[in-house]
Amino acid sequence: MELDLAFIWAGLIAFAVLAYVVLDGFDLGVGILFPFFPEAHDRDVMTNSVAPVWDGNETWLVLGGGGLMAVFPLVYATVLPALYMPIILMLLGLVFRGVAFEFRWRTNRWRTVWDWGFTIGSMIAAFMQGIALGALVQGIRIENRAYAGDWWDWLTPFSLLTGLAVVVGYALLGACWLNLKTTGELQAHARRIAMATGVGTLGLIGVVSLWTPFINTLYFERWFAFPQAFFSALVPAMLAVCAFGLWHGLTRDKHLQPFLAALGLFILSFVGLGVSFYPYIVPGSLTIAEAAAPESSMAFLLVGAVVLIPVILAYTGYAYWVFRGKIDPEEGYH
Amino acid sequence: MFMGFSAELLARFQFAFTVSFHIIFPAFSIGLASYLAMLEGLWLWKKDPIYLRLFNFWKVPFAVTFGMGVVSGIVMSYQFGTNWAVFSDRAGPVIGPLMGYEVLTAFFLEAGFLGIMLFGLNRVGPRLHFVATLMVAIGTLISATWILSANSWMHTPQGFSIAENGQFVPEDWWAIIFNPSFPYRLTHMVLAAYLTTAFMVGATGAYHLLRDRTNRQARIMFSMAMWMAVIVTPLQIVAGDLHGLNTLEYQPAKVAAMEGHYKTHEGGAPLILFGIPDDENQEIRNTIEIPRLGSLILTHSLDGEVLGLDAFPEDERPPAAIIFWTFRIMVAIGFAMLGVGLWSLWRRWRGKLFEDRLLHRAVLLMGPSGFLAVLAGWFTTEIGRQPFTVYGYMRTSESLSPVDAPAVGTSLIAFIIVYFIVFGAGTFYLFRLMRRPPDADDHELDKGPTRTAGITPGPHQDTPLESGHGA
């Protein structure tokens, strides 16, 4: 029974992290793309397109963190010290990004400063999230329920590559979001950027995917040993479908399809990671069962999660519905 | 070591710094959310557009405050793991689910409806918009409930067993959530948030009354805030007293340190009004005290025994030097609030509420007093919990991550620099927003995403801010 609860929770935490990545991914992406849209009016429209939803998107990150502390406290207590510097930098990046939504409207003199804060904060947050991912894939040394590695273990060519991949990937999500929510020249420009970042994202997914199996024999066997290889081949095949969907949507001036295809790329990459990790939660160091909190903790929070997550999805969906459609370029500019 | 400080001290200072900045914003946004809900309710009920204008006036400072609360809060939710890993591993099974429920029941609710509250009036109509405002207000209160339950458990832990690996294992969630100090701490904190907001709103009203005492919006703000001061301050004093008695029962060492009692007094302890506490020699010098009053307040008897710090093992005594003072600051502010509240009541009764410029000046001066009191109160209770993180069960010194002092020190400096820039600017914008004349139908500082929620868009304005707004 205990094993089951831990497994369910691993799934729920994975869901929270995925929800965070795709949702905050597109609004961090909008921030990353600011330098490509120097026009003040374009930037107003861009921030207005995410202003009503960014806070909810970021809440999934808090659920991921709080949830991890509740049901996998050992992971929370070992991974965060291991990733000390990337986590702190990510948090500081998110501070600048988050306040910029309000601050940039409250001053003319410092508008440029907060716009840069928005961009650089978004970039740092995205880059550090990618580095954290790469460092996790490479493994974290744990002894006696504590992190046992060094302070710079997270910094490797592989983690820098995953950092770059996440920045480019978020930029793709952001560009597809703008293609969905804006009109005119802004939209056309976003579509061109989506093309370029789409190529970049696919290339980087490819390099990371080819590199990963050689980091740990665990991953190699998972992806290349028979018969699992048959199933794990499904992921790359579906990636190809999404890549086609993205290209098709962007060249045929579809508005929603490229965004959905880009989301698909992220979801599939995430599933790919899950295939690599299972049954570990910290690869090579901690399995899901080893890291699990006492059953009473998991059961107590699960009752709430089962009831509340569908409710949350419902009203979050409603909030998106209220702000559906294209952004009126004049709205919010009176 | 990092500049002569241990990793533990630096980590403690980092937590104190980030949480002190953080608590300021929720203390304001909890109260403002309820105030905004009330204003919108009055608008829908009385159909007087002035309440909508007040709503729109306060909505913008709320958005700024809320944004700062969100970003400083995310830092908190990860800092347990980066700096206090052993605490997280061991206490996570108890604290974690409470914070998980906070996210699931409160943070999503606030975030989901905040967008509609700020930008959605024209899209969803007044009634649904009011529901959204209510959801945000309720969300802030639910959030306070869970986080204060978690914090209270660290002061008065119960309902758990300890596993072989050192983890606290929850046995009785009801006992954990409703731990002995929780009801008192929650009441005390929510009232504190309301008072903090009341005095900020009151000071804003007073500022505008000083410039134009006929301004109707300023009058409404000021009047509502003074009603809050009159009604809530006495309640808060009672709640604070009950909270203190609860602390005396469960954390007597904390009360001894707050009161400056290093020595146990048999047969009637004095109330030490002032003195110089000296932790090193465990004595208090130069005291001004009232005989037996200490016993009367704490035990409700003139010769009740009041334990001093000497009644506790040396390694279980909290430091008195800071909390002796922070406690007095908090209490003094509380009584100053009561005084201002009674003063306003008297002027109101005389029909001079909007005429008495001295009262307006006093309230303006008291504007930030709530924040000071909140910080002083939190310093008192948290330092008073030392040397433990989970009172009586887990020491602060054994809660730390395996971190090196330079890592904690460097991140601390980064936090200090970033927080002063970001939240310094934010506070500046807040003051500027509250300084806007509330009469004007429109103001250039209103533009931006928040402006779109106005029921009637104002005229197009593109005058540069710095030269445009009134002095």
Going by how many other Cβ atoms sit within 10 Å of their own, how do B:Phe312, A:Phe72 line up, fewest first?
B:Phe312, A:Phe72
Between A:Ile8 and A:Glu39, how many nm apart are label points set 7 Å from Cα along the C-beta direction?
5.2
For B:Phe388, B:Phe199, B:Phe160, A:Phe103, which order do you get if you count the other beta carbons within 10 Å of each Cβ and list the fewest first?
B:Phe388, B:Phe160, A:Phe103, B:Phe199
In order over the stretch A:176-184: 3J(HN,Hα) from phi, Karplus 6.51/-1.76/1.60, θ = phi - 60°, whole Hz, x for each Gly or Pro, gives 5, 4, 5, 4, 6, 9, 10, 9, x
Expected integer from the mean partner chain Cβ neighbour count at 10 Å over B:169-182 is 2
I want to check the label-to-label distance for B:Leu141 and B:Met3. Put each point 7 Å from Cα in the C-beta direction and report it in nm to one decimal.
4.3
Please compute the length gained on full extension between A:Val303 and A:His255, using 0.36 nm multiplied by the number of residues separating them and subtracting their Cα-Cα distance.
13.4 nm
Just name one of B:Gln251, B:Met394, B:Thr264: the one whose Cα is farthest towards the positive end of the charge dipole of chain B (beta-carbon charges, Lys/Arg +1, Asp/Glu -1).
B:Gln251
For the protein assembly as shown, what value does the Rg/Rh ratio take when both radii are computed over Cα atoms and Rh is the Kirkwood radius, given to two decimals?
0.98
Residue exposure sequence - B:Leu191, A:Leu301 - by fewest surrounding Cβ within 10 Å:
B:Leu191, A:Leu301
Would you mind putting B:25-37, A:314-326 in packing order, based on average other-beta-carbon counts within 10 Å, highest first?
B:25-37, A:314-326
If I stretch the segment between B:Glu314 and B:Ala175 completely, what's the gain in nm (0.36 nm per residue apart, minus their alpha carbon distance), one decimal?
47.0 nm
Given charges at Cβ of Lys, Arg, Asp, Glu: chain A dipole, positive-most of A:Asn179, A:Phe118, A:Pro86
A:Asn179
On average, how many beta carbons from a partner chain sit within 10 Å of the beta carbon of a residue in A:299-309?
4
Candidates A:Leu234, A:Leu263, A:Leu18; GNM for chain A (alpha-carbon contacts under 10 Å) flags as most fluctuating A:Leu234
Only four residue types carry charge here, +1 at the Cβ of Lys and Arg and -1 at the Cβ of Asp and Glu. Report the dipole size of the stretch A:10-322 about the Cα centre in Debye, rounded to the nearest 20.
460
Packing rank of A:55-62, B:161-168, B:389-396, where each peptide gets the mean count of other beta carbons within 10 Å, highest leading:
A:55-62, B:389-396, B:161-168
The stretch A:64-134 versus the stretch A:274-334: alpha-carbon centroid distance in Å:
18
Let me check against my output: what whole-number percent is the relative contact order of chain B, with C-alpha pairs under 8 Å and at least 6 apart?
21
Helix by helix through chain B, keep the DSSP H runs that span 27 Å or more along the axis on Cα and average at least -1.0 on Kyte-Doolittle, and give those back in order.
B:7-46, B:49-83, B:121-155, B:182-211, B:216-250, B:320-349, B:405-435
Once the dipole of the stretch A:10-322 is set up from charges on Cβ (+1 Lys and Arg, -1 Asp and Glu), the residue from the list A:Pro283, A:Phe96, A:Trp152 lying farthest towards its positive end is A:Phe96
For the pair A:Leu155/B:Lys352, report the inter-label distance in nm, with labels modelled 7 Å from Cα in the Cβ direction.
6.8
For chain A, place one equal point scatterer on every Cα, skip the solvent, and apply the Debye formula. What is log10 of I(q)/I(0) at q = 0.09, 0.10, 0.12 Å⁻¹?
-0.49, -0.61, -0.88
Quick one: give the max-minus-min coordinate of the C-alpha atoms of the stretch B:156-286 along each principal axis, largest first, in Å.
67, 46, 27
With +1 on the Cβ of every Lys and Arg and -1 on the Cβ of every Asp and Glu, the dipole magnitude of the protein assembly as shown about its Cα centre, in debye rounded to the nearest 20, is 2760
Based on the alpha-carbon gyration tensor of the stretch A:174-324 and its eigenvalue square roots a ≥ b ≥ c, which shape applies: rounded if a/c is under 1.5, prolate if not and a/b is larger than b/c, or oblate?
oblate
Relative to a virtual label point 7 Å from the Cα of B:His300 in the Cα→beta-carbon direction, which members of the stretch B:215-252 show backbone nitrogen distances below 15 Å?
B:238-249
To the nearest 0.05, the calculated FRET efficiency linking B:Ser161 and A:Glu185 through their beta-carbon distance, R0 being 56 Å, is 0.30
Can you give the relative contact order of chain A as a percent, counting alpha carbon pairs under 8 Å and 6+ residues apart?
23
16 Å tail of the calculated P(r), the stretch A:1-78, as % of Cα pairs:
59
Wrap a convex hull around the Cα atoms of the stretch B:333-416, take a quarter of its surface area, and give that in square nanometres.
8.8
How crowded by other chains is B:128-136, given as the mean number of beta carbons from other chains within 10 Å of each beta carbon?
1
Debye equation applied to the C-alpha atoms of chain B, log10 I(q)/I(0) at 0.11, 0.13 Å⁻¹:
-0.98, -1.28
For B:Glu289, the residues 5 or more places away or on another chain with a placed amide H closer than 5 Å to its own amide H are B:Leu273
Sequence gap at least 6, Cα distance under 8 Å: using those rules, report the relative contact order of the stretch B:1-158 to the nearest whole percent.
27
If you keep only loop residues by DSSP, which trypsin sites (Lys or Arg not before Pro) in the stretch A:218-283 have at most 13 other Cβ atoms within 10 Å of their Cβ?
A:Arg252
Order of B:80-86, A:119-125 by packing, highest average Cβ count within 10 Å first?
B:80-86, A:119-125
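A short reminder: the numbers here are calculations on the coordinates, not readings from a lab. Because the structure is a prediction, the values reported are computed rather than measured. All Cβ positions, glycine included, derive from the backbone under ideal geometry; neighbour counts span all protein chains shown.
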